[in-house]
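Below: one structure, written as structure tokens.
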Amino acid sequence: MKRAAIAAAGIFAVSVILSGCRKEQVEEAIQPLVADVLEGEETESAEQVEDPQVLPEIDTNVPIQAGTRIAVVSKCTKGEFWDLVRSGMESAVSEVNDAYGFSKDEKVTMTFEGPDDEQKVEEQINIIDAVIAENPDVLCLSVGDMDSCQAQLESASENGIPVVVFDSNVTNTKLVSAFRATDNVQVGRMAAYRLARTIGKMGNVAVFSAQEKTQSAKERVEGFLDFISNYSDIDVVQVIYQDQVEDMETAMQEILEKYPALDGVFCTNADVSEMYLNMEKENTAEDSAIAMVGVDATTRQQEAIRNGEEIGVISQDPFTMGYQTIWAALQASIDPEEETELEIEKEILLKPVWLNLDNLDDPNYSNYIYNK
């Protein structure tokens, strides 16, 4: 009996040591993330936040062609995020025209098209086909399905139309001149860290995601799952993708009913976040205890943070993304025969930030707050 007791005590001691080591490993793993966004427990201060996004300086030594026509086909045109992307693009066009002194027919111009829903992939492909037929000087794309437009990329290449991708990349990046987006893996990691802290680093969580075939959504889920795996006492009970179910709202409700003890949810984009917030949930008392982290500080999500429906949001800087995309597009459109030492940076990933009640009204974060 004594030997059994000693053995049991030894096992317990080893378990405690291993548990302690595990916690140390978790803390070590999250430190780069905390340092990266300057949002650690001891560093959460607006004064310490350096603006991670830089609008490119318009260098008039770059031989931008007068009258350049930029065609933008977005995976969606509806919503506060896309409004800000477009605003950033239009601002870049305007400032380039002013800086270069382009006027009238010399002006750089831009069109902005796309479906009103990210899931309308076929409609977007038809729009891309029509745009390529118009032979623009450069094409900017954000695609709902990263495998959907291979033929269109090839067609653009054959017609000498350079392609710049923004927000969500394509599978075949060899046909892409540049990519401008948010670091979406980091979005997922940040969401996992914040959700884990809120629920006490233990419990059950679910992920409600946008389309599985959208690169941004896929990377956010991957980042979340990778980071949450540091917490051995947290189980991800289900990952639901919007394009894998007939009705996303019904699918989310079924998860809430199937797991009445659910502790947290991560919604990977604004549409899914707002769908979750707006749906009529049963068992209100239980549902109100579920910690939610969303993506993009839309008006609705700001409201949800203020009234306690949502603990916080990982937000992007869409204006800067749009601006960066246009500047990259103009560089990509330069005549290959033009003698220039210009080298376009292939990929720029913008940093997301964490917003909650502590910094939602802080002017240092104004680029990440979406308003109608």
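The values are calculated or read from the model by the stated rules, or taken from the named source; none is laboratory data. Note that the structure is a prediction, hence the values are computed from the model and not measured. Positions of Cβ are backbone-derived with ideal geometry, glycine not excepted, and every protein chain shown enters the neighbour counts. Side chains are part of the model used for accessible areas, which takes the heavy atoms of the whole protein and leaves out ligands, DNA and RNA. Shrake-Rupley method; radii C 1.70, N 1.55, O 1.52, S 1.80 Å.
The sole residue among Ala332, Ala297, Ala328 that is of a type outside the set (D, E, K, R) and farther than 30 Å from Asp59 by Cα is Ala297.
I'm checking my understanding of the structure. Among residues of segment 195-215 that are among the polar types (S, T, N, Q), under 18 Å from the mean Cα position of the chain (by Cα) and not in a loop (DSSP other than H, G, I, E, B), which one is nearest to Glu309 (Cα to Cα)?
Here is the first cut: in segment 195-215, the residues among the polar types (S, T, N, Q) are 198, 204, 209, 211, 214-215.
Cutting the leftovers down to under 18 Å from the mean Cα position of the chain (by Cα) gives us 209, 211, 214-215.
Going one step further and asking which of them are not in a loop (DSSP other than H, G, I, E, B), we end up with 209, 215.
Values: Ser209: 18, Gln215: 28 Å.
Only one residue fits best here, namely Ser209.
Considering segment 230-247, the residues that are part of a loop (DSSP other than H, G, I, E, B) and open to solvent by 70 Å² or more (accessible area, probe 1.4 Å) include one that is nearest to Leu349 (Cα to Cα), namely Ser232. Across segment 322-342, the qualifying residues are those that are more than 22 Å from Ser87 (Cα to Cα) and open to solvent by 20 Å² or more (accessible area, probe 1.4 Å), and the one among them that is modelled with the highest pLDDT is Asp335.
Among the listed residues Glu310, Glu303, which satisfies the condition of being open to solvent by 30 Å² or more (accessible area, probe 1.4 Å), acidic (Asp, Glu) and modelled with pLDDT of 95 or more?
Glu303
Suppose we filter Asp296, Asp271, Asp263 for residues that are in contact with a helix residue (DSSP H, G or I) (Cβ under 9 Å, 6 or more places away or on another chain), under 18 Å from Val143 (Cα atoms) and buried (at least 19 other Cβ atoms within 10 Å of the Cβ); which single one remains?
Working: Asp296 fails: under 18 Å from Val143 (Cα atoms); Asp263 fails: under 18 Å from Val143 (Cα atoms).
Among Asp296, Asp271, Asp263, only Asp271 is in contact with a helix residue (DSSP H, G or I) (Cβ under 9 Å, 6 or more places away or on another chain), under 18 Å from Val143 (Cα atoms) and buried (at least 19 other Cβ atoms within 10 Å of the Cβ).
Restricted to strands (runs of 3 or more DSSP E) entirely inside segment 60-169, those with at least 2 residues that are open to solvent by 10 Å² or more (accessible area, probe 1.4 Å) are 109-113.
What's the number of the only condition in (1) loosely packed, with under 14 Cβ neighbours inside 10 Å; (2) under 17 Å from the mean Cα position of the chain (by Cα); (3) of a type in the set (Val, Ile, Thr) that Thr250 fails to meet? Among (1) loosely packed, with under 14 Cβ neighbours inside 10 Å; (2) under 17 Å from the mean Cα position of the chain (by Cα); (3) of a type in the set (Val, Ile, Thr), Thr250 violates only (2).
Within segment 186-198, the set of residues being surrounded by fewer than 21 Cβ atoms within 10 Å (Cβ to Cβ) and β-branched (Val, Ile, Thr) comprises Thr198 only. Filter segment 123-140 down to the residues that are among the hydrophobic types (A, V, I, L, M, F, W, C) and closer than 15 Å to Ser177 by Cα and list them by number. Hits for segment 123-140 are Val138, Leu139, Cys140. If we scan segment 275-287, do we find a residue that is over 30 Å from Asn97 (Cβ atoms), touching a Phe, Trp or Tyr at 6+ places or on another chain (Cβ under 7 Å), of a type in the set (A, V, I, L, M) and open to solvent by less than 60 Å² (accessible area, probe 1.4 Å)? Within segment 275-287, none of the residues are over 30 Å from Asn97 (Cβ atoms), touching a Phe, Trp or Tyr at 6+ places or on another chain (Cβ under 7 Å), of a type in the set (A, V, I, L, M) and open to solvent by less than 60 Å² (accessible area, probe 1.4 Å). Restricting attention to segment 353-372, report how many residues are part of a loop (DSSP other than H, G, I, E, B) and touching a Phe, Trp or Tyr at 6+ places or on another chain (Cβ under 8 Å). Of the residues in that region, 2 qualify.
Out of the residues in segment 343-372 that are among the polar types (S, T, N, Q) and under 18 Å from the mean Cα position of the chain (by Cα), state the one that is surrounded by the most Cβ atoms within 10 Å (Cβ to Cβ). Even if it seems obvious, please write down each step before you answer.
Kept after step one, since they are among the polar types (S, T, N, Q), are these residues of segment 343-372: 356, 359, 364, 366-367, 371.
Next, from what is left, pick out any that are under 18 Å from the mean Cα position of the chain (by Cα): 356, 366-367, 371.
On the way: Asn356: 16, Ser366: 10, Asn367: 20, Asn371: 11.
Taking the candidates together, the pick is Asn367.
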